Amino acid sequence: MVFGGGFREPLKVIYFNAVLYNREHFPEPDTAIVSIFGKPLFKSQEFDFSHTDYYTPEMDRPQSKYFAGYELIDSPERLAEFKIKAVELENSLMKNGRRFINVDPGYVALEKVVAASTKNFTHRIYIGGRIYADLQLQRRKNAYMPLPWTFQDYTFPQALELFEKMRNHLIAETHTGSSE
């Protein structure tokens, strides 16, 4: 039996980016992102981002997206810092007041996948620096499972496969046990 509260160190997480871009205006997004995150250790298959028109007024078509995971294993408290750097990067690459690349950092933990957002919503938790943590997937029955608000592309097979690879790498690098 364990008594007392006390503070516990958070388990380490492994960071990724969800990278959305207009391939005609920005053909090589990794070249810009490497300055913050390094080269991707893991990368999902790229896919056509046509299941929503949300970014079309700003980015035009064609839009592509992929998820990239990095050799960046650290505390989850760095999420806000990485999102702020990503927003600064996006702003520095704007053309005529428009973004043609959108970089959304997040992390894979043993029990969840979390994305960063600059927008508040009922299920998003403020973590400082005008940034919110957005729980996208929860770990249940040996797999990451979506929630009612999960972005559709986080449930695509190539995304789920990448998150599993990243989780396995996290386990191997941190020598922790499985958490369900």
Inter-part distance where the stretch 130-175 and the stretch 45-93 are each reduced to a Cα centre, Å = 16
Most mobile of P146, P27, P76 in a GNM of the chain (Cα contacts under 10 Å) = P27
Summing -39500 (n - 2.57) over every DSSP H run of at least 4 in the chain, dividing by its residue total and rounding to the nearest 500, the 222 nm mean residue ellipticity is -7500 deg cm²/dmol
Heavy-atom accessible area per residue - the stretch 3-134, 1.4 Å, Å² = 52
What is the chain's relative contact order, in percent, from Cα pairs under 8 angstrom and six or more apart in sequence?
-> 24
Heavy-atom SASA rank of H169, H25 (probe 1.4 Å, accessible area, largest first) | H25, H169
Given K141/K165; K12/K165; K43/K95, the pairs whose alpha carbons are separated by over 20 Å | K43/K95
Zone of R8's modelled label, taken as backbone nitrogen in the stretch 92-129 under 18 Å from a point 7 Å along Cα→Cβ | 109-113
Against the 2.2 N^0.38 Å rule of thumb, the C-alpha Rg of the stretch 106-175 sits at a ratio of 1.13
Would you tell me the accessible area of V34, worked out with a 1.4 angstrom probe on the heavy atoms of the protein chains, in Å² to the nearest 10?
-> 60
Among L170, L89, L147, which one moves the most in a GNM of the chain with springs linking Cα atoms closer than 10 Å?
-> L147
Rounded to the nearest 10 Å², the accessible area of S50 using a 1.4 Å probe with every protein chain kept is 70
Cross-link reach from K112 to aspartates and glutamates, straight Cα distance under 19 Å and at least 8 residues apart if same chain, gives E9, E71, D74, E77, D104, D134, D153, E161, E164, E173, E180
Charge context of K39, other residues only, Cβ under 15 angstrom, K/R +1, D/E -1 = -2
What one gets for the chain as the Kirkwood radius, inverse of mean 1/r over different Cα pairs in Å, is 17.0
What is the spin-label model distance, in nm, from N142 to T31 if the labels are put 7 Å beyond Cα along the C-beta direction?
-> 4.4
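The values are calculated or read from the model by the stated rules, or taken from the named source; none is laboratory data. Since we're looking at a predicted model, the values are computed, not measured. Every residue, glycine as well, gets a Cβ built from its backbone with ideal geometry; the counts of neighbours run over all protein chains shown. Just so you know, the surface numbers come from the protein's heavy atoms only, side chains and all, with ligands and any DNA or RNA stripped out. Shrake-Rupley method; radii C 1.70, N 1.55, O 1.52, S 1.80 Å.
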